[in-house]
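What follows is a set of notes on a single structure, which appears directly below.
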Amino acid sequence: MIQRQTNSDPVIDEIHRTRREISERFNGDIRAILEDARKRQAASGRPVWQPGAGNHPTHQTAVDESSEN
């Protein structure tokens, strides 16, 4: 049996509210939700992790030469 917490967490409540709003916007169609998310992701221009792409930094960082010895 799952017990529900009596004290609500405002962050969790907001997550649930947002999920409901998105689901209602797309009539619960998970494929439409996914397609919309992909379009917004592509339009954002932000780097997106790709499986198998390796672990490469998106920018160069300075190397502390004293740590190399």
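Which of the following residues is at pLDDT below 95, on the phi < 0 side of the Ramachandran plot, under 19 Å from the mean Cα position of the chain (by Cα) and not basic (Lys, Arg): Val63, Val48?
Being at pLDDT below 95, on the phi < 0 side of the Ramachandran plot, under 19 Å from the mean Cα position of the chain (by Cα) and not basic (Lys, Arg) holds for just one of Val63, Val48, which is Val48.
Mind checking which pairs have a first residue in segment 28-53 that is assigned to a helix (DSSP H, G or I) and a second that is β-branched (Val, Ile, Thr) and modelled with pLDDT under 95, Cβ under 8 Å, 6 or more apart or different chains?
Every condition considered, the pairs that remain are Gln41/Val48.
The values are calculated or read from the model by the stated rules, or taken from the named source; none is laboratory data. What you are looking at is a predicted structure, and each value in this text was computed from that prediction instead of being measured. Ideal geometry is used to build each Cβ from the backbone, glycine not excepted, and the neighbour counts take in all protein chains shown.
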